[in-house]
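Just below is one structure, and these are the notes that go with it.
The values are calculated or read from the model by the stated rules, or taken from the named source; none is laboratory data. Note that the structure is predicted; figures quoted are calculated from it, not measured. Virtual Cβ from ideal backbone geometry, glycine too; neighbours counted across all protein chains shown.
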Amino acid sequence: MSLGDMARYDVVHVISDLHMGGKQGFQILRETTRLGNYVRRLASHSPDANVALVLNGDVFDTLAEDTGGYVAIEQAATTVGRIMDDPSFKEIWDALAAFVQTSRRHLIVVIGNHDIEIAFPPVQRLVIERLAGDDPAARGRIEFSIMGAGYTCMVGSSRVYCVHGNEVDPWNYNRYEDLARVARRLNAGQTFDPTEWRPNAGTKMVKEVMNNVKRRYAWIDLLKPETSAALGTLMAIDPSQVKKLGELVGIIGEKRTGTAEFAGRLSAEGFAEPAGVPPAEALEKLLGANLRNASAAQPAATDMLLASEASLDGSAHAASPEGTLGTGQLIVDRLTGWLRNIEPDEALRRALLDWLRGDTTFAFDNRDETCTEVMKSVGPAVDIVITGHTHLARAIDLGGGRLYFNSGTWIRLMQFTEAMLKDSTTFRPIYAMLNDGKMATIDAATFAGRPLLLDRTSEIEVALDADEGVSGRLNWILGDGKGAPATEIQLQGRR
């Protein structure tokens, strides 16, 4: 693609991870009025400027919908239509409609891993109709990026590249070839059996485990990072999930398959079937050190994994060659024995300590795995790279005028600190709020006089400077969203 082929804008605004989806009480997007007003401001502010708004993945959250499977196919348009018409989200879509119906305003929708249905033509047609109606000019100002290629454009002399970020996440890697196959079938009027769809590990985790837990503990997917010590936290708050443990270990195995698929995504040989996972990796990733090493009296992992054992539901199966069932049984034995001898609040406190071990989650300059892996695949001609996916805002000067940003999220975020987890006495009142489970309780919760939830609705803004240079900014959208954003970090790009 030559530079002359790219769209050119005076300003590009990037937001991501809105996660619109789910019924009332199951929704994790809170600042809907703020978001609607933010979009309306972009429509009216600087009317002579050529402005793009990039929704950089996970705009919808179809995984929070009751679709009966891992992906909505024939019912994809119905599912997305329900989300757009939901009273909680309707004002956002009204604002987006006003945005695209304004001259010199362009909307780009990038696919994520929670909204893969936007790859399907019926869903794209529905979104365009909802936003632009029969207005051909407005329809022409809407663009979709659905095949994992991201979106690229120019601001001044700087090339900007927006990509969700799950493309380098083996947990949540999209199988774009399979999405294209489904789209072809839908266009050709053919049916698609949902059982043909093999979900990635992240989707399996959400659909098979976390959604059930979330109905009781609405805050569970507000924790960051998402996968560290996940099992320990899950088991500490809800031991009834013990029967899911074997499946969870298998999900880690699916993650390994995703790693191989991601590494070989351009291969003509196709994708491999799920592989097993070494027991040590499963325990380390899922359990966390505080729980994994809780009981030295348990039999050694290697001894247990060599045995042929019963599966978690009581039926007899031999352990797999990779030890999947054995690992699951080891976790069951160790956790159930340990949890009998410890109070629930202390169990959760220790699990959260695992979660936060060595945590640099919220550091704006943290070159996390998404940053390092995406940059490996970006050529030197790209000046500014913007991802999402992690829900964690980033602003990093890579040197030589190259910049990396993560647009963060608009959902609720919860951050535990060492002060909160200092000891059982300190943590006990926090546990009481968490154990209540309701989102309204979490919204009102405080610690040391400050809200438990972070107020971090963010955007990345790339704009021309007065001297024709280009700057990138990490901005916070505050209050009711009608006012100018507050800039946290501004970085100067190439001149």
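Being surrounded by 16 or more Cβ atoms within 10 Å (Cβ to Cβ) and part of a loop (DSSP other than H, G, I, E, B) narrows it down to one residue among Gly481, Gly472; which is it?
Gly481
Given (1) assigned by TED's automatic domain parsing to the domain that holds Val110; (2) within 21 Å of the chain's Cα centre (by Cα); (3) under 29 Å from Gly22 (Cβ atoms), where does Gly479 come up short, assuming only one miss?
Of the numbered conditions (1) assigned by TED's automatic domain parsing to the domain that holds Val110; (2) within 21 Å of the chain's Cα centre (by Cα); (3) under 29 Å from Gly22 (Cβ atoms), the odd one out for Gly479 is (2).
Name every residue in the range 39-59 that is in contact with a Phe, Trp or Tyr (Cβ under 9 Å, 6 or more places away or on another chain) and of a type outside the set (Lys, Arg), in order of residue number.
If the condition is that a residue be in contact with a Phe, Trp or Tyr (Cβ under 9 Å, 6 or more places away or on another chain) and of a type outside the set (Lys, Arg), then Val39, Leu42, Ala43, Ala49, Asn50, Val51, Ala52, Leu53, Val54, Asn56 are the ones that fit.
Glu177 versus (1) at pLDDT 95 or above; (2) outside any strand (DSSP E or B): which is the lone unmet condition?
Result: Glu177 fails condition (1) only.
The conditions are (1) surrounded by fewer than 16 Cβ atoms within 10 Å (Cβ to Cβ); (2) under 22 Å from the mean Cα position of the chain (by Cα), and Thr191 fails exactly one of them. Which is it?
In the conditions (1) surrounded by fewer than 16 Cβ atoms within 10 Å (Cβ to Cβ); (2) under 22 Å from the mean Cα position of the chain (by Cα), Thr191 misses (2) alone.
How many of the residues in the range 427-454 are surrounded by 18 or more Cβ atoms within 10 Å (Cβ to Cβ) and either part of a helix (DSSP H, G or I) or touching a residue at least 60 places away in the same chain (Cβ under 8 Å) (or both)? Lay out the reasoning, then the answer.
As a first pass, look at the range 427-454 and keep what is surrounded by 18 or more Cβ atoms within 10 Å (Cβ to Cβ): 427, 430-431, 434, 437, 439, 442, 445, 452-453.
Then keep just the ones that are either part of a helix (DSSP H, G or I) or touching a residue at least 60 places away in the same chain (Cβ under 8 Å) (or both); that gives 427, 430-431, 434, 437, 439, 442, 453.
Residues flagged as surrounded by 18 or more Cβ atoms within 10 Å (Cβ to Cβ) and either part of a helix (DSSP H, G or I) or touching a residue at least 60 places away in the same chain (Cβ under 8 Å) (or both) within the range 427-454 amount to 8.
If we only count helices (runs of 4 or more DSSP H) wholly inside the range 1-115, which ones have 1 or more residues that are without any contact (Cβ under 8 Å) to a residue 24 or more places away in the chain? Talk me through it step by step, then tell me what you get.
On the way: elements: 32-44, 76-85, 90-100.
Where helices (runs of 4 or more DSSP H) fall fully within the range 1-115 and carry at least 1 residues being without any contact (Cβ under 8 Å) to a residue 24 or more places away in the chain, they are 76-85, 90-100.
Of the residues that make up the range 70-83, is at least one in the same structural domain as Arg473 (by TED's automatic domain parsing), within 27 Å of Ala486 (Cβ to Cβ) and in contact with a helix residue (DSSP H, G or I) (Cβ under 8 Å, 6 or more places away or on another chain)?
no
Every residue in the range 386-409 that is of a type in the set (A, V, I, L, M) and either closer than 18 Å to His114 by Cβ or under 18 Å from the mean Cα position of the chain (by Cα) (or both), please.
If the condition is that a residue be of a type in the set (A, V, I, L, M) and either closer than 18 Å to His114 by Cβ or under 18 Å from the mean Cα position of the chain (by Cα) (or both), then Ile386, Leu392, Ala393 are the ones that fit.
Any residue that is over 17 Å from Leu63 (Cβ atoms), buried (at least 16 other Cβ atoms within 10 Å of the Cβ) and either of a type outside the set (Gly, Ala, Ser) or within 17 Å of the chain's Cα centre (by Cα) (or both) - is there at least one of those in the range 169-183?
Within the range 169-183, one or more residues are over 17 Å from Leu63 (Cβ atoms), buried (at least 16 other Cβ atoms within 10 Å of the Cβ) and either of a type outside the set (Gly, Ala, Ser) or within 17 Å of the chain's Cα centre (by Cα) (or both).
Among the residues that make up the range 75-98, is at least one of them touching a Pro at 6+ places or on another chain (Cβ under 9 Å), surrounded by fewer than 18 Cβ atoms within 10 Å (Cβ to Cβ) and of a type outside the set (Gly, Ala, Ser)?
No.
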